[in-house]
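The values are calculated or read from the model by the stated rules, or taken from the named source; none is laboratory data. Quantities reported herein were computed from a predicted structural model and do not represent experimental measurements. In this analysis, Cβ positions are derived from the backbone assuming ideal geometry, glycine residues included, and neighbour counts consider all displayed protein chains.
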Amino acid sequence: MNPNTWIVSEEEKNERIDKGLAKAMEASRTAVQQWISDGHVLVGGKRVKSNYKLQAGDSIDVNPPAEEPLTIYPENIPLDVRYEDDDLLIVNKARGMVVHPAPGHFTGGTLVHALLHYTDALSDINGELRPGIVHRIDKDTSGLMVVAKTNDAHTHLVEQLQTRSLSREYRALVHGVVSHEEGTIDAPIGRDPRDRQKMTVTDVYAKEAITYFHVLERFHDYTLVQCRLETGRTHQIRVHMAYIRHPVVSDPKYGKGKAMPISGQALHAESLTLVHPRSRETLTFEASLPADMQKLIDNIREGKSN
């Protein structure tokens, strides 16, 4: 891995370097402590101990040791495949399933493990850890994803993402009563300086992020909305809805309020529209809400949950 440089912000000062770096690198604290001990972490060009307290403006160079090559084995995990041909798959991902493994976070049970068991035909543009993966949705978000079976299809689908001709619509149950019938949230998203495992609306090292929403139904303390992504930033809908003070229900990172009888955030990728990479036909796919999310909405509608 090439060296990473991390400039400590004012909000991060006085935190232990092992704790702060674990958040920044999304690595385990034990691994970071080993890096520091082995000299893979330098502050201003000098070695420090794991209990070093960060100072605003510190320039930290991180050069972790090379990861051991990973071999991902197929796993017989049921998949909800909504469409398949020689070029692509449309999968309705279950809530709780991670899309792909990553170095330092290598575990089984991901969508990639299931795909490798399901088919021998997956694009390899993104390497061994992400075969076929064109885009992602969060672990605890359910819904539709397109998977590329060939490199030509993968390239064409990525171009559609870049030109924003691939359309994704989500249904979300959010806290509070949204007053506007529809709206556009145009607010850049970047890493949260106070918690490196979260994203936030910020102007610092941020990327353009645009979400369109319109209200489907209002309840006493909640609103059911449909969101369409113009861009595809990490946690985009979750961050944007929290930004306008209507966080997604049962969101462990950005939400609020009491626990709900649902295993993840009440957010579902319900519709996906794309141009087929070979036939150039416009295709639209839809997936109904998961049963527990639908039941939660029904209970709220009937006044059984506040």
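Six or more apart or on different chains, Cβ under 8 Å: which pairs go from a residue in the range 223-235 that's over 13 Å from residue 185 (Cα atoms) and in the same structural domain as residue 181 (by TED's automatic domain parsing) to one that's of a type in the set (S, T, N, Q) and at pLDDT 95 or above? Could you list them?
Taking only residues 6 or more apart or on different chains, not a single pair turns up.
Considering 27, 22, 31, which residue is part of a helix (DSSP H, G or I) and either in contact (Cβ under 8 Å) with a residue 60 or more places away in the chain or under 18 Å from residue 204 (Cα atoms) (or both)?
Numbers: 27 fails: part of a helix (DSSP H, G or I); 22 fails: either in contact (Cβ under 8 Å) with a residue 60 or more places away in the chain or under 18 Å from residue 204 (Cα atoms) (or both).
So the residue among 27, 22, 31 that is part of a helix (DSSP H, G or I) and either in contact (Cβ under 8 Å) with a residue 60 or more places away in the chain or under 18 Å from residue 204 (Cα atoms) (or both) is 31.
Kindly indicate whether residue 134 is within 25 Å of residue 280 (Cβ to Cβ), under 16 Å from the mean Cα position of the chain (by Cα), among the hydrophobic types (A, V, I, L, M, F, W, C) and crowded, with 18+ Cβ neighbours inside 10 Å.
Values: within 25 Å of residue 280 (Cβ to Cβ): yes; under 16 Å from the mean Cα position of the chain (by Cα): yes; among the hydrophobic types (A, V, I, L, M, F, W, C): yes; crowded, with 18+ Cβ neighbours inside 10 Å: yes.
Yes, satisfied.
Can residue 267 be described as buried (at least 17 other Cβ atoms within 10 Å of the Cβ), of a type outside the set (Phe, Trp, Tyr) and either out of contact with any Phe, Trp or Tyr (no Cβ under 9 Å at 6 or more places or on another chain) or outside the structural domain of residue 152 (by TED's automatic domain parsing) (or both)? Lay out the reasoning, then the answer.
Values: buried (at least 17 other Cβ atoms within 10 Å of the Cβ): yes; of a type outside the set (Phe, Trp, Tyr): yes; either out of contact with any Phe, Trp or Tyr (no Cβ under 9 Å at 6 or more places or on another chain) or outside the structural domain of residue 152 (by TED's automatic domain parsing) (or both): yes.
For residue 267, the condition - buried (at least 17 other Cβ atoms within 10 Å of the Cβ), of a type outside the set (Phe, Trp, Tyr) and either out of contact with any Phe, Trp or Tyr (no Cβ under 9 Å at 6 or more places or on another chain) or outside the structural domain of residue 152 (by TED's automatic domain parsing) (or both) - is met.
In the range 148-161, what count of residues is obtained for those that are of a type in the set (A, V, I, L, M), under 20 Å from the mean Cα position of the chain (by Cα) and not in a strand (DSSP E or B)? Talk me through it step by step, then tell me what you get.
Restricting attention to the range 148-161, the residues satisfying the condition of being of a type in the set (A, V, I, L, M) are 148, 153, 157-158, 161.
Imposing the further condition that a residue be under 20 Å from the mean Cα position of the chain (by Cα) reduces the set to 148, 157-158, 161.
Applying the additional criterion that residues be not in a strand (DSSP E or B) yields 157-158, 161.
Adding up the residues that qualify gives 3.
So for the range 59-75 (the condition being in contact (Cβ under 8 Å) with a residue 60 or more places away in the chain and loosely packed, with under 11 Cβ neighbours inside 10 Å), does at least one residue qualify?
Yes, the conditions are met somewhere in the range 59-75.
Please verify whether residue 152 is among the acidic types (Asp, Glu), under 30 Å from residue 218 (Cβ atoms) and not assigned by TED's automatic domain parsing to the domain that holds residue 263, treating the condition exactly as stated. Spell out the reasoning first.
Working: among the acidic types (Asp, Glu): yes; under 30 Å from residue 218 (Cβ atoms): no; not assigned by TED's automatic domain parsing to the domain that holds residue 263: yes.
Judged against the criteria, residue 152 is not a match.
Among the numbered conditions (1) of a type outside the set (Lys, Arg); (2) closer than 18 Å to residue 193 by Cβ; (3) in contact with a Gly (Cβ under 9 Å, 6 or more places away or on another chain); (4) surrounded by 15 or more Cβ atoms within 10 Å (Cβ to Cβ), tell me where residue 10 comes up short.
Against the list (1) of a type outside the set (Lys, Arg); (2) closer than 18 Å to residue 193 by Cβ; (3) in contact with a Gly (Cβ under 9 Å, 6 or more places away or on another chain); (4) surrounded by 15 or more Cβ atoms within 10 Å (Cβ to Cβ), residue 10 comes up short only on (4).
Could you tell me whether any residue of the range 32-42 is under 14 Å from residue 195 (Cα atoms), crowded, with 17+ Cβ neighbours inside 10 Å and within 27 Å of the chain's Cα centre (by Cα)?
Our first condition is that a residue be under 14 Å from residue 195 (Cα atoms); within the range 32-42, this holds for none.
No - not one qualifying residue is present in the range 32-42.
Among (1) closer than 30 Å to residue 297 by Cα; (2) surrounded by 21 or more Cβ atoms within 10 Å (Cβ to Cβ), which single condition is residue 177 missing?
Only one criterion in (1) closer than 30 Å to residue 297 by Cα; (2) surrounded by 21 or more Cβ atoms within 10 Å (Cβ to Cβ) is unmet by residue 177, namely (2).
Among 184, 202, which is surrounded by fewer than 16 Cβ atoms within 10 Å (Cβ to Cβ), modelled with pLDDT under 95, over 23 Å from residue 134 (Cβ atoms) and β-branched (Val, Ile, Thr)?
Result of the check over 184, 202: 202.
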